[in-house]
Every structure is written in C-alpha cells, then in structure tokens.
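The values are calculated or read from the model by the stated rules, or taken from the named source; none is laboratory data. Keep in mind that what you see is a predicted model, and the values were worked out from it rather than measured. Heads up, the Cβs are rebuilt from the backbone with ideal geometry, glycines too, and the neighbour counts pull from every protein chain shown.
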Amino acid sequence: MTENKTFTSNFGAIMAAVGSAVGLGNIWRFPYVCGKYGGGAFLIVYLIFVFLLGMVIMLSEFIIGRRSQHGPALAFNHLVPQRPRWRLVGLLGIITCFCILSQYFVLSGWTLGYFVQSITGSLSKLGTDAAAISSNFSQFSTSAWASSCYLVIFGIATMAIILCGVQKGIEGVSKVLMPILILLLLVLCVRSLTLPGASKGLQYLFSPDFTKLTSEGLLAALGQALFSLSVGMGVMIVYGSYIPVSDNLMKTTLWITISDTLIAVLAGIAIFPAVFSYGFDPAGGPGLVYCVLPNVFNSMGSSSIIFSSIFFLFLAVAALTSAISLLEGITSWACERFNWRRVRATVTVALITLGVGVILSLSNGAVPTLQLFSKSLFDFIDGVNSILLPPLSALATMIFVMWIIDSRHLRDELTNHGQLRAAYYPAFRFLGRYIVPLALIIVLLTGLFG
Ligand code: PHE
C-alpha cells in the first residue's frame, strides 16, 4: 500500500487537529481551574492567552511542517541546512511527546476501565457512598492487572488506527469520532442544565471574581492554553506537514482554537451544574472524574447507568483522538529518523510507549519502589510534563521560527505564495518574536523556581 501523507480535505485536517486538541485537558482540567481561579475572570485571561499566544505557536508549528513537508526529525534541518544543531529542537519535541503519551496512556486506560464499569452496572452498584466510590478508584488505579490491561487495550486501539495511515486512519477516524463526541457532550449538557439548582454550577464556572485570579491562576491559564492546544510537542508540526497546500493556515488554526475552547467550556457546562445540583464540592483532575462524578451519576437514580456510560465513552473518545496524534508524532519521527517503514515504526513506538506506560501505572501503587527523586515515577513524569518540557520545547520552536529561519518562509506559507492576504502578519510577527517567548520564559522560570 502506498502511503498518502496529506489530509484529503480542509475539514479532515481540522477534525484531526481538533481531535488532538480536545482531550482530557479540556474535560477534567479546564472546568476545574476555571472555577478555582475566578470563573469568568479566568475565562477572559484564558481566551486572551489562547487566541494571542497559543494560536501564534500553533500557526508557527504548522508553518514548519507544511513548509518543509517533514515532521520534527527533518523539518528543522530542511529549513536551515547550514545550522544542523537546530534539529535537536525537533528531538526535544519528540521527547516531550513520548513522556506525555506514556502518561496519557495510563489516564486513557482508566477512562476505558470506567466505561466498562459503567456499562456493566458495577459503578452504579456503589450507590452514593462516597467512601466506597473513592476506594473503588484507588483500588482500580493502583491495581497491577486491571489498569495495565485497559492501558494495553487502549494502546492497541490507538496503534491500529495509526497503522491504517494518515487518510484512512487518522483523518477517517477523527471525522467520525469528533461529531460523535460533540453529540455526547450536548446530551450531557442538556441533562446537567435541566437539573434543579443548575444555575449554581454556572455561577461557579462563569461569574467573574477577579480576587481569585492570582498569579498562580495566570500561570495555570497559560499552561492550560498550551496543553489544550497540543502545542510544544511537535505534534502540530507533523499535522502541519499533512495539511493540503491550498488550505489557509490562519483560518484552519482559528477553527481549531475556537472548537477546542468551546468544547472546554461546554465540558464545564456538562459537569458543574450537575455537581452543584446534587450538593457536591467541585474537585479537579482524577478526583473530579472518578470520585465526584460517579456519585453525581448514581444520584440520578435509574438513569445513572446511561449517563455515566455516555460520559466515560465521551472521555475515552476524547482521549483516543489525542493519543492518536501523540503516537503519530513519534511514529513519523521514527520513520524519518531511521528510515523505517510506517508499520515497523508504529509497532515499535507503540510497544515502547506502552511498556513505559505500564511501568508508570505500576509505580502508582502496585510496585511502590518504582521511584525517582522520592516520587513515584508517575508523579515524577507528571511534574516534568506539566512544568518543564512543553514550555521549553515551545520556546525553542518559537525562537527557531521567529529568529532563525528566513521570514520568506512565513510569508509564503501564510499567504499561500501570494494568493491570500495576511494583514495580521505584523501582529503575528511581533507576538511571536517578543511576547510569546517572554511569556514562555516566565512560565518556565516560575515552574522551576517559583
Ligand atoms: N490537548 C490534549 C488535551 O487537552 C493533550 C495533548 C497534548 C494531545 C499534546 C496531544 C499533544 O488533553
């Protein structure tokens, strides 16, 4: 089979990239940090960061990919052959991708496990006993077998999609799964909003409280913006190389950013009104999804199985399309770097990341000796993934695009070789040269020493 490495249409490219962007970050992180750091106040800052900074990084990554027609292994050298060291930035992106995917596989396995627990009714049997629900989660997440098995099943599904190629696999699956995901989300929103007392949840999410918007909140907003848009890991460089040459990169980026942000806000609308309506306290991360929400679903009585199954299916689909992009990022790197065929690269990369994923999962409790710097390996990687690698890799990429390569590459890609107008170019250049790097340096320094 000859591999055709471009998305077939603009719609397909957008669906694939939105699939990458919409993931666990939108569902279990965004709504919580939004409520915690001042609701509407946080939202305003988040929107500014996403549309001014995140979009500039995404557009820059697309430019590198589409201009060079390569992924991170070769793109950097292709654009500045006289300075071969810059290829290390590509490598940094792939290392970031690898660390995130190994951890993402663990979290994604949990979503699958909870979907099965929901649909078989074993989750609803726990009733509204908060202690039983929490201990169910800690037993599951620290178990050696159950969590590893789900992780491996999830990983194999991801690998199978990548093996089907860019058009049939990534694009085809995203075009089907993303509309399903939106449908599931809308069902959950309607259920949540029609519960009595739903407005309290909306108030938590949206009413602006600027006193809660601390400097910590600002950093959380920027970190969330980068993670949510999947930038700083080379993934968007790879997807950029698959975007048809006739597409308007700015428009594509705008669509992805709007969709990602809208879905994050809708996830908040699906979750918090229900949480407040049943009188629970909001929490973030795994605590929200695996301890608070099962209790909320079980409070719904006879419909609990339906809504918890829809929710965990929604979560698993969101995680799958993000994992696809991460695995594709590393696979395309391995193909280019070692000149491997796609099948060999995909299987090798999937097996290695799954192996590391299982080790991380075991370090959560089953094998407590798996530690680094007196933290479980899972927590260690979590720290590296949230404060160090993504902003560092995004910073290096921005310096490369804005200061190292010839600006002709940017103009040509943004105007499709003179066919489009790009009146925003001076603003893009200014933000990309000064403001984005400055913001990333602040995030990095505060993450490391703050
Ligand atoms: N954007 C995804 C999320 O919100 C995570 C992700 C990061 C996916 C980087 C791919 C690359 O969960």
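Sort through ALA17, ALA13 and tell me the only one that's within 13 Å of the ligand (Cβ to nearest atom) and either aliphatic (A, V, I, L, M) or in a loop (DSSP other than H, G, I, E, B) (or both). Break it down into steps so the answer makes sense when it comes.
Numbers: ALA13 fails: within 13 Å of the ligand (Cβ to nearest atom).
Exactly one residue qualifies, and that residue is ALA17.
Could you list, in sequence order, the residues of region 251-294 that are assigned to a helix (DSSP H, G or I), free of Cβ contacts under 8 Å to residues at least 24 places away in the same chain and buried (at least 17 other Cβ atoms within 10 Å of the Cβ)?
VAL292, LEU293
Hey, does region 257-279 have a residue that's under 19 Å from the mean Cα position of the chain (by Cα) and farther than 28 Å from LEU293 by Cβ?
For region 257-279, residues under 19 Å from the mean Cα position of the chain (by Cα) and farther than 28 Å from LEU293 by Cβ: absent.
Kindly list the number of the only condition in (1) more than 16 Å from SER20 (Cβ to Cβ); (2) in contact (Cβ under 8 Å) with a residue 40 or more places away in the chain that fails for ILE237.
With respect to (1) more than 16 Å from SER20 (Cβ to Cβ); (2) in contact (Cβ under 8 Å) with a residue 40 or more places away in the chain, ILE237 is out only on (1).
Between a first residue in region 215-229 that is under 11 Å from GLY25 (Cα atoms) and a second residue that is acidic (Asp, Glu) and within 10 Å of the ligand (Cβ to nearest atom), which pairs have beta carbons less than 6 Å apart while being 6 or more apart in sequence or on different chains?
SER228/ASP260
Looking only at helices (runs of 4 or more DSSP H) that lie completely in region 352-450, which have at least 3 residues being closer than 30 Å to PHE154 by Cα and among the aliphatic types (A, V, I, L, M)? If you could, list the steps in order and put the result at the bottom.
Details: elements: 377-383, 389-399, 407-415, 425-430, 436-449.
Here the list reads 389-399.
Could you tell me whether ALA160 is over 17 Å from ILE305 (Cα atoms), part of a helix (DSSP H, G or I), hydrophobic (A, V, I, L, M, F, W, C) and at pLDDT 95 or above? If you could, list the steps in order and put the result at the bottom.
On the way: over 17 Å from ILE305 (Cα atoms): yes; part of a helix (DSSP H, G or I): yes; hydrophobic (A, V, I, L, M, F, W, C): yes; at pLDDT 95 or above: yes.
Spelling it out, ALA160 is indeed over 17 Å from ILE305 (Cα atoms), part of a helix (DSSP H, G or I), hydrophobic (A, V, I, L, M, F, W, C) and at pLDDT 95 or above.
If I filter region 74-120 down to residues being within 16 Å of the ligand (Cβ to nearest atom) and among the small types (Gly, Ala, Ser), which single residue comes out as nearest to the chain's Cα centre (by Cα)?
SER108
Residues in region 24-34: is at least one under 11 Å from the mean Cα position of the chain (by Cα) and of a type in the set (Lys, Arg)?
Yes, because at least one residue in region 24-34 is under 11 Å from the mean Cα position of the chain (by Cα) and of a type in the set (Lys, Arg).
For (1) surrounded by fewer than 21 Cβ atoms within 10 Å (Cβ to Cβ); (2) closer than 19 Å to SER147 by Cβ; (3) within 16 Å of the ligand (Cβ to nearest atom), each residue gets a yes or a no:
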| position | (1), (2), (3) |
| --- | --- |
| VAL296 | no, no, no |
| GLY301 | yes, no, no |
| SER309 | no, no, no |
| PHE314 | no, no, yes |
| ALA323 | no, yes, yes |
| THR348 | yes, no, no |
| LEU362 | no, yes, no |
